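Working notes for the structure below.
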Amino acid sequence: MTEQVKIIATTGKGGVGKTSLSAAFVRILSDKYPDRRILAIDADPAVGLSTALGVEVGITLDDIRKGIVSSVENGRNREAVEMLGEARFRVLDALTEKDGFSFIAIGRPESAGCYCKVNAYLKEIIELITKDFDYVVIDGEAGIEQINRRVMEKVSHLVLVSDGSRKGIQVIGTIKNVADSLVMYDEYGIVINRIPAGLANDFPGVDSEKLLAVIPDDPVQTKNDMVGESVFSLADNSPLMEGARKALSRLGII
């Protein structure tokens with residue numbers, strides 16, 4: 001295992017292809033480093049990363065949390081204490097092992113009245129588990145607070161994903177400001193995705209020095225999304241795979 005785990009979190013507004021990009025990252029890392037341990041974390045409530053990676057989701061972290069909270073709410077405190085004691089093993093059971101990587105889904109956001117201590121404890125377990133891996137890829141929700149609150153306090157590489165729209169670029173600017181206030185990343189970069197052919201690669205508001213890749217619209221991946229195909233069916237030289245590889249290279253990860 002490497003000296004320090006590299007944790008890559010992707011985030012951006014909905015519909016910009018961050019889940020497909022996260023899946024491409026996982027594929028590239030698993031292909032390039034077959035002897036390393038790679039973990040994919042689906043932190044988006046839509047659980048789309050599982051489909052993009054061809055994974056069947058069993059239980060999520062939220063399923064574990066709800067079981068503990070339900071015991072407390074029904075007065076079964078001893079049972080709840082036992083479940084907390086077994087939580088690390090239950091989280092390990094929720095890990096799905098695939099050829100080249102492991103996968104876990106966080107599940108839906110906490111409902112009103114949830115137990116903060118339970119959530120904090122489960123997040124602590126996730127952070128402990130990630131230390132057993134060399135690379136962790138997190139597919140985040142449209143924001144960064146959820147990753148910080150529900151998955152881990154800090155990531156090594158934050159990847160802000162947008163399409164070419166002004167709204168998308170404004171959203172990643174806001175996300176970065178929030179991430180700065182949380183002090184939750186070491187390095188960051190920007191990927192502009194799904195750019196129609198012929199559109200100029202000039203994006204006002206984007207720091208060109210932090211622009212990792214501009215990825216053209218990929219019709220094959222769009223079809224994959226529609227029919228539920230994983231990124232492993234994409235050609236190695238597809239726009240998505242080439243763009244993801246370029247982004248990881250510029251981040252110094254591959």
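Side notes on the structure shown:
- For Cα extents along the principal axes in Å, calculated from these coordinates, the label among (i) 54, 52, 35; (ii) 55, 46, 31; (iii) 63, 38, 37: (iii)
- Segment Glu229-Glu56, extension gain: residue separation times 0.36 nm, minus the distance between their alpha carbons: 61.0 nm
- Karplus-based coupling profile of the range 228-235, in residue order and whole Hz: x, 7, 7, 5, 6, 8, 6, 5, with θ = phi - 60° in 6.51 cos²θ - 1.76 cosθ + 1.60 and x standing for Gly or Pro.
- Net charge contributed by nearby residues that have their C-beta within less than 15 Å of Phe101 (K/R +1, D/E -1): -3
- Extension gain from Glu209 to Tyr33, taking 0.36 nm per residue of separation minus the Cα-Cα distance: 60.6 nm
- Summarising the amide proton neighbourhood of Val137: residues at separation of 5 or more, or on other chains, whose placed amide H is nearer than 5 Å comprise Ile8, Leu39, Ala40, Ile41.
- Environment charge at Asn193 (Cβ cut-off 10 Å; Lys +1, Arg +1, Asp -1, Glu -1): -1
- Distance in nm between pseudo-label sites at Asp93 and Asp63 (7 Å out along the Cβ direction from Cα): 1.0 nm
- Estimated 222 nm signal from helices in the chain, with DSSP H stretches of n ≥ 4 weighted -39500 (n - 2.57), rounded to 500: -13000 deg cm²/dmol
- If the chain linking Asn237 and Ser181 were pulled fully straight, counting 0.36 nm for each residue of separation and taking away their Cα-Cα distance, it would gain 16.4 nm.
- Solvent-accessible surface of the range 6-250, averaged per residue with a 1.4 angstrom probe and all protein chains in place: 46 square angstrom.
- Here the range 130-254 exposes an accessible surface that is 49 percent carbon and sulfur, computed with a 1.4 Å probe and the other protein chains kept in place.
The values are calculated or read from the model by the stated rules, or taken from the named source; none is laboratory data. Fair warning: this is a prediction, and the values are worked out from it, not measured in the lab. Positions of Cβ are generated from backbone atoms using ideal geometry, with glycine treated the same way; all protein chains shown enter the neighbour counts. These area figures cover heavy atoms from the full protein model, side chains too; ligands, DNA and RNA do not enter into them. Shrake-Rupley method; radii C 1.70, N 1.55, O 1.52, S 1.80 Å.
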